[in-house]
1. At q = 0.12, 0.15 Å⁻¹, what is the base-10 log of I(q)/I(0) for the chain according to the Debye formula with one equal point scatterer per Cα and no solvent? Please give it to two decimals.
2. For the stretch 137-218, place one equal point scatterer on every Cα, skip the solvent, and apply the Debye formula. What is log10 of I(q)/I(0) at q = 0.10, 0.14, 0.16, 0.22 Å⁻¹?
3. Compute the Kirkwood hydrodynamic radius of the stretch 110-260, taking the inverse of the mean of 1/r over all pairs of distinct Cα atoms, and give it in Å to one decimal.
4. How would you order 29-42, 158-171 from highest to lowest mean count of nearby Cβ atoms within 10 Å?
5. Helix 91-104 versus the longest principal axis of the chain: what angle, 0 to 90°, nearest 10, using Cα atoms?
6. Collect residues whose amide H, placed 1.01 Å from N in the peptide plane, falls under 5 Å from the amide H of K278; neighbours closer than 5 in sequence don't count.
7. Calculate the dipole size of the stretch 1-159 relative to its Cα centre from +1 charges on Lys and Arg beta carbons and -1 charges on Asp and Glu beta carbons; express the result in debye to the nearest 20.
8. For the chain, what is the mean residue ellipticity at 222 nm derived from helices alone (per DSSP H run of n ≥ 4: -39500 (n - 2.57); sum divided by total residues; nearest 500 deg cm²/dmol)?
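The values are calculated or read from the model by the stated rules, or taken from the named source; none is laboratory data. Treat the numbers as computed from the prediction; the structure is a model and nothing was measured. Here the Cβ is made from the backbone with ideal geometry for all residues, glycine too, and neighbour counts use every protein chain on show. Each accessible area value is taken on the protein alone, full model and side chains, heavy atoms only, with ligands, DNA and RNA left out. Shrake-Rupley method; radii C 1.70, N 1.55, O 1.52, S 1.80 Å.
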Amino acid sequence: MVSAVCLLCGWVLDLVFGDPSKLPHPIVWFGKLIAAGEHQLNKGSHRRLKGALLAISLILFIFALAWLLRTVLGIFALFIYDGTTIHQIPLLLYIFDILAVFYCLAGTTLIREVRQVFFALDRSLEEGRQQVARIVGRDTSHLSAQEVRTAALETLAENLSDGVVAPLFWLLLLGTPGMLAYKMVNTLDSMIGYHTERYLEFGCIAAHIDDVANYIPARLTALLMVLSSGRLKLLGFVRKYGRNHASPNSGYPESALAAILDCRFGGPHYYFGELFDKPYIGSNPRELSTDDMKKAVRINRTAEILMVGIVAILFCCFSFLPF
């Protein structure tokens, strides 16, 4: 029951504040650890092995550190006497769990960023390109207005999986240590999991670990999006196009959103100066609009609420188990 309350508190904080730009953020620290390790190890021979050791050691380190912190914080408790019984309340532990949920969820900030892309594009194409460059890894300098909108909405769909559903999935399975370890997995993939000359060998294992960690959450995200639309027949579209992506997972939430908006995602993109010819998701190359963005945001929010509700209910059910 307490886990459900901590989850809801952390989620509400994310809804209200998003990522706190003026406060230290653990994901930034994760990035610094990865960058330092990559700088030291991504050279010479045996790069795949070095990259694997870096990825696995960082993931295990974050899980162990979070577990240790929770253990230590659980020792410090408030004692409240209600007249008959002394109750021990590990307040610091609860605060840690709430903050972990708050920092690991990334639904609100990405929605704000996607809105800003569309609003910037209404002012000028160059502003739209600059704004979308904040949230995508591809080269945005030559994107058309349609490609800017498409990139923003693709990222919105992927982020629902990576930034909301997957962290909550691992929270349910392994608690806040698992949630934080997942964020390290995801950060590793976003920094070194590219099929470029520099990262092809070094980031290979990190990318595979991310694929495994997101396998179920990505498909669950697509299901939640379709449920949010109220059109279950769209699952056929997701089954058809979900595999049309270089990633074994990203295609599923993208295909769900493409089905809901009746549009086309994917196609060739430049990353770090290299052209990647991605397959298309969907077959309707219609022009996207601000109304499509608003609809996508509504679907994202509804799917997010469904996922939070499911996890909270399961936590409450677990509290009644006899073990």
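1. Listed by q, the Debye log ratios stand at -0.86, -1.29.
2. Cα-only, vacuum Debye calculation for the stretch 137-218: -0.29, -0.55, -0.69, -1.03.
3. So the Kirkwood estimate lands at 16.2 Å.
4. In descending order of packing, they fall as 158-171, 29-42.
5. 0 degrees
6. G267, H269
7. The calculated dipole for the stretch 1-159 is roughly 560 debye.
8. That calculation yields -22500 deg cm²/dmol at 222 nm.
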